[in-house]
Amino acid sequence: MIDDFDEYIRQGEPSQVEKSQIWQTAIGLQQVDGLTPSAYLIETAKENIEGKITIDEVKYRIDSYYKQQSSKQLVDGDRTEEADKVSANITEILSEQTFTFSPAELLSIHKRLFTGVENIRVKVGKIRDYNITKSEWVLNGKTVFYASADNINATLDYDFLQEKNFNYKGLSKQEIVEHIAKFISGLWQIHAFGEGNTRTIAVFTIKYLRTFGFEVENDMFAKYSWYFRNALVRANHNDYLNKIFSTNEFLKRFFGNLLLGENNELKNRHLRIEAISEVAGEQNPALNINSGGQKTDLGGQKKWSEKVVRLLELIVEKPNITRKELSEALKINPSAVQKHLEKLKIEGIISREGSDKKGVWKVTTKGGNNE
């Protein structure tokens with residue numbers, strides 16, 4: 001479905017390029033949290049790109065579509081509605097030529113991105129009031145240390161003030177990009193929001209970069225949104241006892257491709273640390289896989305959603321388990337099972353050995369998109 005949309009974009013008229021690139025970015029960013037927009041959203045986006053309907057009409061249609069679905073039994077844990085609505089909201093924001101450099105802008109972006117899905121999982125435009133950890137695949141299950149909930153506002157104010165007072169005059173384009181990457185890395189590490197932090201930071205980053213004159217609507221965020229997040233993780237993790245140090249190198253590679261026309265190789269497996277993780281559940285690979293921020297407490301860490309963790313456990317317990325059996329065990333429909341399996345295969349978390357009928361599933365620890 002997404003591949004069809006990419007092909008549609010490549011065939012678009014020149015006047016549609018900018019709008020289609022924005023949509024491509026908006027849809028691609030959903031991969032940060034393992035989400036895939038619906039076929040209905042894709043078709044509606046095409047109509048917007050072709051000028052047949054406005055973005056307001058897109059949002060109205062999506063809202064109406066899910067209101068109609070409310071009378072039916074929705075799949076438990078299916079976050080397609082979130083992916084659709086947030087994609088439309090990102091498109092609307094990136095289509096506007098507005099921006100103010102302040103913490104208030106960051107909060108406003110978060111509020112606008114997740115308006116309409118707050119009843120699903122997100123407190124829109126609200127600074128988190130609890131501390132968090134997130135088990136990261138690239139850190140072998142360890143977590144980045146995020147800002148304490150008590151210090152978020154003060155830390156945001158400090159970082160914004162430091163950046164506002166920074167003098168870019170006389171810097172080369174390369175130096176400008178490196179400094180912006182460092183600022184964005186620090187802003188992400190504060191993790192002001194309990195959910196949707198990376199997507200909010202990405203949209204803020206794009207709009208901030210525009211104020212420097214950079215053109216950033218291309219397929220980088222669409223194809224490498226997961227790399228972007230993993231690069232942010234590596235920029236904010238130290239483990240001195242195991243000789244692991246935070247590095248902006250991967251983030252600079254991403255921004256180099258995005259803004260400077262470089263052709264750096266961006267593969268998630270290059271970001272993974274080599275140190276052996278000692279987090280609880282190391283013997284079961286199903287318990288050491290990153291979700292990009294979904295909330296469930298297993299072994300003291302933030303992991304995959306409970307549905308995905310259970311799916312992986314079932315595969316470990318019975319490698320030849322069928323999709324029907326997974327559907328029945330997880331109490332979700334087969335199409336939802338298929339979405340999870342395809343996502344996990346793309347990330348390299350699972351693989352299929354043998355035929356569809358007689359083959360077996362294999363859980364690995366080699367995950368990551370764009371390998």
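Observations
- Entry remark, the stretch 123-153: residues being modelled with pLDDT of 95 or more and hydroxyl-bearing (Ser, Thr, Tyr) number 2 in total.
- Taking the conditions (1) under 30 Å from residue 48 (Cα atoms); (2) within 18 Å of the chain's Cα centre (by Cα); (3) surrounded by 21 or more Cβ atoms within 10 Å (Cβ to Cβ) in turn, residue 116 satisfies each one other than (2).
- Whichever residue in the stretch 101-118 is touching a residue at least 60 places away in the same chain (Cβ under 8 Å) and of a type in the set (A, V, I, L, M, F, W, C) and, among such residues, is nearest to residue 162 (Cα to Cα): 101
- Where residue 267 falls short, out of the listed (1) assigned by TED's automatic domain parsing to the domain that holds residue 139; (2) within 19 Å of residue 34 (Cα to Cα); (3) modelled with pLDDT under 85: (3)
- Candidates 80, 155 - the one that is of a type in the set (Ser, Thr, Tyr) and either within 18 Å of the chain's Cα centre (by Cα) or outside the structural domain of residue 268 (by TED's automatic domain parsing) (or both): 80
- Some residue of the stretch 213-221 being of a type outside the set (A, V, I, L, M, F, W, C), on the phi > 0 side of the Ramachandran plot and either without any contact (Cβ under 8 Å) to a residue 12 or more places away in the chain or outside the structural domain of residue 250 (by TED's automatic domain parsing) (or both): yes
- Condition met for residue 160 (surrounded by fewer than 18 Cβ atoms within 10 Å (Cβ to Cβ), at pLDDT 95 or above and aromatic (Phe, Trp, Tyr)): no
- Selected residue [surrounded by fewer than 17 Cβ atoms within 10 Å (Cβ to Cβ), outside the structural domain of residue 222 (by TED's automatic domain parsing), at pLDDT 75 or above and assigned to a helix (DSSP H, G or I)] from 351, 335: 335
- The stretch 47-60 residues that are surrounded by fewer than 12 Cβ atoms within 10 Å (Cβ to Cβ), paired with ones that are among the aliphatic types (A, V, I, L, M) and not in a loop (DSSP other than H, G, I, E, B) (beta carbon under 7 Å, 6 or more apart): none
- Those helices (runs of 4 or more DSSP H) of the stretch 1-108 in which at least 1 residues are of a type in the set (Asp, Glu), modelled with pLDDT of 90 or more and in contact with an Asp or Glu (Cβ under 9 Å, 6 or more places away or on another chain), considering only elements entirely within it, cover 39-49, 55-69, 80-94.
- Boolean, residue 136 is under 28 Å from residue 272 (Cα atoms) and under 16 Å from the mean Cα position of the chain (by Cα): yes
- Subset of the stretch 52-67 [closer than 17 Å to residue 19 by Cβ and among the charged types (D, E, K, R)]: 52, 56, 57, 59, 61
- Here residue 294 meets the list (1) among the polar types (S, T, N, Q); (2) buried (at least 21 other Cβ atoms within 10 Å of the Cβ); (3) at pLDDT 85 or above almost entirely, failing just condition (3).
The values are calculated or read from the model by the stated rules, or taken from the named source; none is laboratory data. Just so you know, these numbers come straight off a predicted model, no measurement behind them. Every residue, glycine as well, gets a Cβ built from its backbone with ideal geometry; the counts of neighbours run over all protein chains shown.
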